[in-house]
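Contents: one structure, followed by commentary.
The values are calculated or read from the model by the stated rules, or taken from the named source; none is laboratory data. Worth saying up front: this structure is predicted, and the values here are computed from it rather than measured. As a convention, Cβ positions derive from the backbone with ideal geometry for all residues, glycine included, and neighbour counts pool all protein chains shown. What goes into the accessible areas is simple: the full protein's heavy atoms, side chains included, and nothing from ligands, DNA or RNA. Shrake-Rupley method; radii C 1.70, N 1.55, O 1.52, S 1.80 Å.
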2 protein chains.
Amino acid sequence: MITWDAIEAAEHRIKPFIHTTPVLTSAFLDELSGVQLFFKCENFQKTGSFKVRGATNSVLQLSADEKQRGVATHSSGNHGQALAWAAREAGVQAWIVMPSNAPQVKKNAVQAYGATVVECEPTLQARENTLQKVQDETGAIFIPPYNALRTIEGQATCAKELHEQIPGLDYLLVPVGGGGILSGSALTTQYLSPKTIVMGCEPENADDACRSLKQGEIVPSLNPDTIADGLKTSLGEITFAYIKELVADILLCSEKDIKRAMQLIWERMKIIVEPSSAVALACLLQHKEHFRGKLVGLILTGGNVDLSTLAFE
Amino acid sequence: MITWDAIEAAEHRIKPFIHTTPVLTSAFLDELSGVQLFFKCENFQKTGSFKVRGATNSVLQLSADEKQRGVATHSSGNHGQALAWAAREAGVQAWIVMPSNAPQVKKNAVQAYGATVVECEPTLQARENTLQKVQDETGAIFIPPYNALRTIEGQATCAKELHEQIPGLDYLLVPVGGGGILSGSALTTQYLSPKTIVMGCEPENADDACRSLKQGEIVPSLNPDTIADGLKTSLGEITFAYIKELVADILLCSEKDIKRAMQLIWERMKIIVEPSSAVALACLLQHKEHFRGKLVGLILTGGNVDLSTLAFE
């Protein structure tokens, strides 16, 4: 079990590099839901998502020799940007394997942080093979996106900030993809605010965490079709173990719910969040009677949306 | 001249109703500009813009008899929403004259705050005539959008917060339409941080404030064509007098600059601002050599954008 000391140590380690993100509220959404909502804004985090917490916590603990060799991962999304940024902060080389169909804007972001983008076919097999090849050639250390203790300890610092900013939450709702932020949040909550009930939030179209909890074993997500692209991944052994033990329930929502929740957040809170972030509010609104009058924290996990198609030009 | 006491009294009056808005920074935009930027986020203000400061300050000072009669204005934008909201907070009836071609989402917002929308032809003449008719019929008190002391005193509280949050600014850049937030900001700055140089920011396509300052008299804006719809109005006698005396310069920017600045703010700061808000950053980026290494405050005036055309559905 990850100890409280390990979470505190992670926070101490990464604090000089990352933001303590703000908690926002919305009178409109409180009225709409009948719930007191507290949004932890990781969309304002460095690189635009919470992923930088785990990536930074991992990179900073490499030995001098490992730092010399560099780091690598495969990612079509936020973990790639986060690792590229964390590596640059630590003066470490980084290789990010990205599927050839990843949006150019994401490849540009990774390159802008000084990392090397290695393209591959858009299949999990190709991603893993290409990463292995990169590691064989460069000796780079693999930094996992969620299923690793250092990653989870880093993600756990987000809920630590939230509980310290808003003590006494009745519930904490957290999106679940690979389970890094959910298991980290549940761990922290157990230590710091044990009365707070932690729930995972998931699209119906990518409900592998829900099914895994029901069946008592990891049910992988097979080509899930959801706008919440950050939540397509399946749980890992480590994250599943923590979630099984510490998470009360997994809530589900439809694609329509996600889009509506995202629009509400953009329009009413004036902040940009990605679809995965909106899943927590979408689930809450689907089950609002359950939470009526309660204090509920929601983690807005990131804000990296491709805006290039909007009519800015 | 509006006194410091009047500004303090306005702040004291409206504080229980409005937000003290946060000041955000962006490492990316600092690096891009070579300037230390401090964004005062009035997009997070109640009703989504600074306009609620002046409207609330005006409504709260009505006599019991005037409150009984209600309030009215004409507006296709933020002042209408702000007045509707401020009136509801004070338990006062409100009539908002809106052009028939105003977006439905704006009419809905005004109605959601409990005000009565009175539609008219989309001309200034029709707006003024219709407002007069509403006043004749209801006895409602006209609350002006910018050219009135109580309005300016209310808008002046925004820069007061900013100077208290970030002391020692070298410059303060403020968008200018009718001049309410610019003249209010300049007044506050003169009292609270007299070394800070205040500049107005304006689209080239609606450069009436710039031309007015040059000619020493108000040059009205004639059907200006700009995406910054909040800055189409011309200066008033009162705002012009303050701007002439207290504002160092008016900077200009192109439509392309505005769109680019807006996209930068959305993408990099993860916040929704309307085009008028982006004008300050657009002007700064056009003149960045002038500000190099300085501490510059920018007022993000509002965040009311019609998102209904985005692909949320």
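In a shell of Cβ-Cβ distance under 13 Å around A:S234, excluding A:S234 itself, what net charge do Lys and Arg (+1) and Asp and Glu (-1) give? Don't skip to the answer; put the middle values down first.
Details: positive: A:R211, A:K232; negative: A:E202, A:D207, A:D208, A:E217, A:E237.
Its environment carries a net charge of -3.
Taking chain A as a Gaussian network, where each spring joins two C-alpha atoms under 10 Å apart, which residue of A:T47, A:T226, A:T138 fluctuates the most?
Comparing A:T47, A:T226, A:T138 in a Gaussian network model of chain A, the most mobile one is A:T138.
Taking chain B as the reference, fit the longest principal axis to its C-alpha atoms, fit the long axis of helix B:237-246 to the helix C-alpha atoms, and give the angle between the two in degrees, 0 to 90, nearest 10.
20
Among B:I152, B:T138, B:Q45, whose Cα projects farthest towards the positive end of the dipole of the range B:39-168, with charges put on the beta-carbon of Lys, Arg (+1) and Asp, Glu (-1)?
It is B:Q45, whose Cα lies furthest towards the positive end.
What FRET efficiency would be calculated for the residue pair A:A241, B:Q165, taking the C-beta separation as r and a Förster radius of 60 Å, to the nearest 0.05?
The formula returns an efficiency of 0.85 here.
Treating the beta-carbon of each Lys and Arg as +1 and of each Asp and Glu as -1, no other charges, what is the dipole magnitude of chain A about its Cα centre, to the nearest 20 debye?
Details: 28 positive and 35 negative charges, 92 e Å.
Rounded to the nearest 20 debye, it is 440 debye.
Hey, for a label at A:D30 modelled as a point 7 Å past Cα toward Cβ, could you say which residues of the range B:31-70 have their backbone N under 17 Å away?
Under cut-off, by backbone N: B:44-48.
At most 13 other Cβ atoms within 10 Å and a DSSP loop assignment: could you name the trypsin sites (Lys or Arg not before Pro) in the range A:269-302 that fit? Present the calculation step by step, with values, prior to reporting the outcome.
Values: sites: A:K270, A:K288, A:R292, A:K294; in loops: A:K270, A:R292, A:K294.
In loop regions of the range A:269-302 (DSSP not H, G, I, E or B), the sparsely surrounded trypsin sites (Lys or Arg not before Pro) are A:R292.
Going 7 Å from Cα along the Cα-Cβ axis for the label, what nanometre distances separate B:R69 from the same residue across the other copies?
8.1
Tell me, what is the 1.4 Å probe accessible area of A:R127, in Å² to the nearest 10?
50
Could you pull the copy-to-copy label distances for B:E8, with points set 7 Å along Cα to Cβ, in nm to one decimal and sorted shortest first?
Its label point is 4.4 nm from the equivalent points in the other copies.
Mind listing the phi-derived Karplus ³J(HN,Hα) values for the range A:156-163, rounded to whole Hz, using 6.51, -1.76 and 1.60 with θ = phi - 60°, and x for any glycine or proline?
Each residue of the range A:156-163 in turn: 5, 6, 5, 5, 4, 4, 4, 5 Hz.
Would you kindly give the portion of the calculated P(r) for the range B:52-142 that falls above 22 Å, as a percent of all Cα pairs? All intermediate terms of the calculation are to be shown ahead of the outcome.
Values: 732 of 4095 pairs.
Result for the distance tail: 18 percent.
Could you list the trypsin sites (Lys or Arg not before Pro) in the range A:164-232 that lie in coil according to DSSP, counting only those with at most 12 other Cβ atoms within 10 Å of their Cβ?
Details: sites: A:K195, A:R211, A:K214, A:K232; in loops: A:K195, A:K232.
Filter output for the range A:164-232: A:K195.
For chain B, I need the span (max minus min coordinate) of the C-alpha atoms along each principal axis, in Å, sorted largest to smallest.
The Cα atoms of chain B stretch 56, 48, 39 Å along the principal axes, largest first.
How much of the accessible area of the range B:30-105, in percent, comes from carbon and sulfur atoms when a 1.4 Å probe is used? Write out the running numbers ahead of the final one.
Details: 990 of 2320 Å².
The nonpolar share, carbon plus sulfur, comes to 43 percent.
If you count, for every residue in B:261-269, the Cβ atoms of partner chains within 10 Å of its Cβ, what is the mean?
Details: counts 1, 3, 5, 1, 1, 8, 12, 3, 5.
Counting other chains' Cβ atoms within 10 Å and averaging over B:261-269 gives 4.
For a quick check, take a GNM of chain B with Cα springs below 10 Å and name the residue from B:G114, B:G179, B:G302 with the largest mean-square fluctuation.
Maximum among the listed residues: B:G114.
Largest first, how would A:E274, B:E89 line up by accessible area (1.4 Å probe)? Let's see the in-between values first.
Working: A:E274 10, B:E89 80 Å².
Of A:E274, B:E89, the descending order of accessible area is B:E89, A:E274.
Using a Gaussian network for chain B with springs between C-alpha atoms less than 10 Å apart, which of these wobbles most: B:T233, B:T157, B:T301?
Maximum among the listed residues: B:T233.
Give me the one-decimal nm value for the distance between modelled label points at A:Q111 and B:K195, 7 Å along each residue's Cα-to-Cβ direction.
4.4
Return one whole number: the accessible area per residue of chain A in Å², for a 1.4 Å probe. Walk me through the intermediate numbers first.
Details: 12180 Å² over 313 residues.
About 39 Å² of surface per residue is accessible.
On average, how much area does the Cα convex hull of the protein assembly as shown cover when viewed from any direction, in nm²?
27.8
Place a +1 charge on the Cβ of each Lys and Arg in the protein assembly as shown and a -1 charge on the Cβ of each Asp and Glu, then give the dipole magnitude about the Cα centre in debye, rounded to the nearest 20. Display every interim value, and only then the final one.
On the way: 56 positive and 70 negative charges, 108 e Å.
My answer is approximately 520 debye.
Return the sequence-ordered ³J(HN,Hα) values of the range A:88-98 in whole Hz as given by the Karplus equation 6.51 cos²θ - 1.76 cosθ + 1.60 applied to θ = phi - 60°, using x for Gly and Pro.
Going residue by residue, I get 4, 4, 8, x, 10, 6, 9, 10, 10, 7, 10 Hz, with x marking Gly and Pro.
Give the nm distances, rounded to one decimal, from B:E164 to the matching residue in every other copy, measuring between label points 7 Å along Cα toward the beta carbon; shortest first.
2.6
Using amide H atoms built 1.01 Å from N in the peptide plane, name the residues 5+ places from B:D249, or on other chains, whose amide H lies under 5 Å from its own.
B:G200
Summing both sides, how much accessible area is buried between B and A? Use a 1.4 Å probe and give Å² to the nearest 100.
Protein heavy atoms only, the B-A interface buries about 2200 Å².
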